1. Name the strands (runs of 3 or more DSSP E) wholly within segment 315-385 that hold at least 2 residues that are under 29 Å from VAL41 (Cα atoms)?
2. Is it the case that some residue within segment 64-83 is touching a Pro at 6+ places or on another chain (Cβ under 6 Å) and open to solvent by less than 50 Å² (accessible area, probe 1.4 Å)?
3. If you go through segment 362-374 one residue at a time, do you hit one that is open to solvent by less than 30 Å² (accessible area, probe 1.4 Å) and in contact (Cβ under 8 Å) with a residue 60 or more places away in the chain?
4. Restricting attention to segment 266-312, which residues are within 30 Å of PRO338 (Cβ to Cβ), assigned to a loop (DSSP other than H, G, I, E, B) and out of contact with any helix residue (DSSP H, G or I) (no Cβ under 9 Å at 6 or more places or on another chain)?
5. Residues of segment 22-71 being of a type in the set (Phe, Trp, Tyr) and over 23 Å from VAL276 (Cα atoms), which ones?
6. Quick check, is ALA289 in contact with a strand residue (DSSP E or B) (Cβ under 9 Å, 6 or more places away or on another chain), hydrophobic (A, V, I, L, M, F, W, C), more than 23 Å from MET53 (Cβ to Cβ) and at pLDDT below 95?
7. For segment 247-265, what are the residues that are in contact (Cβ under 8 Å) with a residue 60 or more places away in the chain and either closer than 23 Å to ALA149 by Cα or part of a helix (DSSP H, G or I) (or both)?
8. Return the residues of segment 150-167 that are touching a Gly at 6+ places or on another chain (Cβ under 9 Å), under 13 Å from ALA232 (Cα atoms) and surrounded by fewer than 23 Cβ atoms within 10 Å (Cβ to Cβ); say none if nothing qualifies.
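The values are calculated or read from the model by the stated rules, or taken from the named source; none is laboratory data. Since we're looking at a predicted model, the values are computed, not measured. Because the Cβ atoms are built from the backbone with ideal geometry, glycine has one as well, and the counts that use them run over all protein chains shown. The accessibility values were calculated without ligands, DNA or RNA, using every heavy atom of the protein model including side chains. Shrake-Rupley method; radii C 1.70, N 1.55, O 1.52, S 1.80 Å.
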Amino acid sequence: MTEKRTALYDEHAKLGASFTDFGGWQMPLKYSSELAEHHAVRSAAGLFDLSHMGEVWVTGPEAAAFLDYALVGKISAMAVGKAKYSLICQEDGGIIDDLITYRRPAADTAGDGTDRFLVVPNAGNADVVAAALAERAAGFDATVDDASASTSLIAVQGPKAQELLLRLVPAARHGLVTELKYYAAVEVPFLVGGAGQELLLARTGYTGEDGFEIFVANDDAPALWQALVAIAEDGELTPAGLASRDSLRLEAGMPLYGNELSLQGDPFAAGLGPVVALSKEGNFVGKAALAAKKEAGAGSTAGRRLVGLKGLGRRAGRAHYPVLKDGKPVGEVTSGQPSPSLGYPIAMAYVDVAFTAVGTALDIDLRGKAEPFEVVDLPFYRRSK
């Protein structure tokens, strides 16, 4: 496989980043200390390169109806300017990917009913999702355009994120940022390189903190990154890599595709039942299978559910470690590590339904030694405001 690099690769190299392969991309794992980067996001702000993510535009008079068919959520009910978390599934209900869809204003004012949506899949699934959407668009008056190769994505996450971004936005337009709600997006003029540049700004993230994601053309990404670094005072904004991103999302109880979600996975077992709009009119890919999965799981003691586990000791469980009850396997860890913010080990795991009640005492088999954990509500961490 050819190694892929984002438009910001040289910026990361200048900062001394350690790189790792992620979905075929060379991405910064950390710059110095992943622990320091984690705490920076919780206390001030972190700067992330997310340009490995996909960006797929869906446009046309039947774009909304098409996405209602292609995804499990009711995308047509979403207002212009809003965003929605959803899933794209196979006919058998297997999860191809979890993704966010943004509804944007029509490209023109002709009143022809043309809709525009931006679908953002995960890095490792971007090509698969784009291909699935293109295939499912047959029969709809909608166009699927994969813009992933030409688009970069930069995130600023943390309690100081808004304050920092406002320094790059004309004062007269600050309201576009301060009034932007969670899971919404708006075009904002950014003062980069001495001129104003309209960029799509979304108030979304994967860290459990307030924060923003900025969509920008590859050619303009380095200048935006440099501008963000330049306007921050010491300690206000810390470049952060995938290691801290993973510990932050785990504390926030957010699933990672390939760990908590997969083609063999079940949205209902993963706690994503509300995302599946079985009541929406018409058919959608995977509807029958998902309805059967929901029915089979309702009131049943069979199968497993995703839970949070809090460590009562000091040792952390890791992905694929067995979960035990009275020495017998009753589940498997999907993600786990020490929590930098909370000071104790945390994990997410699929556990037999009979042992999923909050407060249930369980063990994780840490290479032959049973370490005590207990079931807790997700997320593990919630920001103060």
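1. 328-338, 345-352, 369-376
2. Filtering segment 64-83 for residues touching a Pro at 6+ places or on another chain (Cβ under 6 Å) gives 80.
This time we only want the ones that are open to solvent by less than 50 Å² (accessible area, probe 1.4 Å), so: none.
The answer is no, given that none of the residues of segment 64-83 is touching a Pro at 6+ places or on another chain (Cβ under 6 Å) and open to solvent by less than 50 Å² (accessible area, probe 1.4 Å).
3. Scanning segment 362-374 turns up at least one residue that is open to solvent by less than 30 Å² (accessible area, probe 1.4 Å) and in contact (Cβ under 8 Å) with a residue 60 or more places away in the chain.
4. The answer is ALA270, GLY271, LEU272, LEU312.
5. Initial filter on segment 22-71 (of a type in the set (Phe, Trp, Tyr)): 22, 25, 31, 48, 57, 66, 69.
Residues satisfying the conditions are PHE22, TRP25, TYR31, PHE48.
6. no
7. SER247, LEU248, LEU250, GLU251, LEU256, TYR257, GLY258
8. Within segment 150-167, GLN162, LEU164 qualify.
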